[in-house]
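Here's the structure, in C-alpha cells; my notes come after.
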C-alpha cells in the first residue's frame, strides 16, 4: 500500500533526478513514480493554488497511469490518483463533508473519444435512437458547492478531495452574483448547487495592475486568481477581487422534485436567481456534440472568461441514474478539452527584437512545442523588468501560454528543473540592428534604440508594416517578407517611397511574379483614397492608436488644423492626456515627419477634409455596441457611420450603453443588453436613427 502523500507536508514527495525516473520496462516502479508525481502536482494545484505543470502534462501523466493500471490490475491501489479527486482541504478553513461527493469528469481530446463516449452511452442505455445531450462550457476556475436551506445560503465549500472540502462561506458571500436568498416563495428545504467560481480576463488584468502598483505577486492566470482570492482568510480582500460564478450541477436536494433533465435544472436555477451560463445547448447524437465543440472553439477567443473545453452530459436525469458512475467519474458525462494552451519547453536563448518605435523586447527562443494546436518556437518576455520579475534564465524549463491569436508568452519557470548552468539575460547596451545606444527613460519600463527610423532598419520595417496594415492604409499584399526585401535592398526608405515603386523593381524581388507585382501596385493605388483618421493612425505616432486617431480626426477635421495645434489644444480632445499630447507635439515638431506627410500628399494620398463645426454632433455622448453580422454593413462601416455622427463604439455592454446594434448570430452581448434593458437596434433601425439625426 502506498502512503497518502497528503497526510504530511508535500516535501514527502521528492523530485527525482532524470536518471532516477523509472521507465516503462519496470511497471511497478513506473506506476509508483507516476502516483508520486501526480500527487505532488495535485497538491500544488488544489492546495497551494500554484500549478507546477500545465494541464496538458498532468493529463499525459494521468493517462499513462490509467493505462498501466488497466494493463496490470495488480498495480491498482486505493490511494491512486485515478481513484480520487483533487487534494485535501487547507487546514486554515474548517472542513466540510459533502453530502454527495463532488466527482471529476473523464476527459476526451479527439473526435474519436467523443464518438466512443456516445457509443458507450447508447450501449449502456440499450438505445437505437440518438441520445439527447446537454452541452455547456468547461470553466477554468474553482469548483464550489453552495448549500441553501429553506432558500437561504448557509454554507459554501470547495471541492477539496471530492468527499471533504473547505468552508469558504464568508468569502463566497462577497461574490455579488451569488444570491444570498433564492428568488422563490417556495424554496426546497435543502439544495446543494454545484458550480464554478472564476475571474473574468478583464478583472484579472485590473487585479494584476493593482498588484504591480503594490509591488505584490501577480497571478499567472484567472484560475489561480480565483482560487487565491477565495482562500483569503480576510474576506475583505476577497470582496475586492471581482469574482464570478456559474452553476452547472446539483448535489443534495430535499423538499422539492428533481427536474427531469439537466437543461431543465439549469433553467430552474436561472429562475431561482442562480447564475447560469448562456453558452449551452441541447443537442442530439455525436455529431451534435462535435458541432457544439467547434462552434464554441470559434467563440473562445472572444469569451470574457477562460475555458479549457466543453462538457457533454446525458440530458435526461433518469438516464443519468441508469448509466451510473465509475470510481471517480460519471458514465453519463465527459469533458471534451481544447488543445492545450499551456505547455512545457526549454529556453534555448534570449534575444531581443527592435520594434517600430525602437522598443527593445526580449524574446525567448524555445525548443519547439505544440501549444493550442500551433508549434511555438518564440515567446515574448515583454521587457527587462519582466524577465527579472519572473526570473527567467537561459536553459530554464518554462510554462508557455498561447490563447487565440495572442503572441505566446512565458508564464513562469519550473524551479525544480533549473539546470546548474542556467544563465541570466543581459540587456544589450547598443541596438543589435544599427548599433545605436539603447536608452531607458526613468519613468518607462521599456528600453529603446535611439537611432530612429533613419538609422535603424528594424524601426523602418516596423513603421512600414504599420503604415500598410489593414487598420491603417490597408495595402493588401505588402507583408513582412516583401517589406524586409524592400528595406534590405535599399529600394525604399520611407512610406512615401512605396508610391514611387515601379513594376519591374517589384517583379524582380524573391517570390514575386508579374501578377503579384501588379496586385501590389493596384493595392497601393487603391490605398491613396483613405480617411483622415486612418492616415493619422498610419503615421505611427507613439501612443496614438486607432481610437485616438479617430478622436483627433473628429476634433480637428483637417491636417492643417492638426499640424498647428499646440499642447493645450490637444488636451481638449477626448481621452488625450499630457503624455499623448506631448508625443503628438514632438512628432509634428520633427521636420522629417512634416516632409513625409507632404511627400505622401504629393504622391496622391488624399482623404475628405472639413472645417469642424461648432455645433455638437447629433449622437455625441451616445455609446453603441455592435454584435452579430449585419445584412449589408460590415462592422467597420457601421462603426464609421456612428462615429461620424459623434457616437462612440464600445466593445462590451454595460449600464452606460445607449444602443446595441444586433445582427445575425448575435451572442452574449445581445443577452446582456436584454438583461439590462438597453435599446436594441437592427441595421435598419441604426440607419433610420442616423437619418433622423441628420435631418434634425
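Every number here is computed from the coordinates shown, using simple stated rules; none is lab data. Treat the numbers as computed from the prediction; the structure is a model and nothing was measured. Here the Cβ is made from the backbone with ideal geometry for all residues, glycine too, and neighbour counts use every protein chain on show.
Details
- Rounded to 5, the percent of DSSP beta bridges in region 623-695 classed as antiparallel: 10
- Cα-based helix-to-principal-axis angle, 27-42 vs the chain, degrees rounded to 10: 60
- With the simple model of a label 7 Å out from the Cα in the direction of the Cβ, residue 208 to residue 503 spans 5.1 nm.
- Cα-based helix-to-principal-axis angle, 285-299 vs the chain, degrees rounded to 10: 40
- Distance between region 625-696 and region 99-125 - C-alpha centres, whole angstrom: 42
- Cα gyration tensor category, rounded, prolate or oblate, for region 342-439 with a/c compared to 1.5: oblate
- With Cα atoms, 0 to 90° folded angle of helix 457-468 axis to the chain main axis: 90
- Contour excess over end-to-end distance, with Cα ends at residue 416 and residue 112 and 0.36 nm allotted per residue: 105.8 nm
- Each part reduced to its alpha carbon centroid, region 277-336 and region 165-229 end up 23 Å apart.
- Arranged from fewest to most other beta-carbon atoms within 10 Å of their beta carbon, 443, 113 become 443, 113.
- Two-site FRET efficiency, residue 120 against residue 637, from Cβ-Cβ distance with R₀ of 56 Å, rounded to 0.05: 0.65
- Efficiency of FRET between residue 682 and residue 254 - r from beta-carbon atoms, R0 56 angstrom, step 0.05: 0.75
- Span from the region 464-497 Cα centroid across to the region 345-422 one, whole angstrom: 28
- Hypothetical label at residue 322: residues of region 116-153 whose amide nitrogen lies under 14 Å (7 Å Cα-Cβ projection): 120-133
- Treating r as the C-beta distance of residue 575 and residue 184 and R0 as 41 Å, the FRET efficiency rounds to 0.35.
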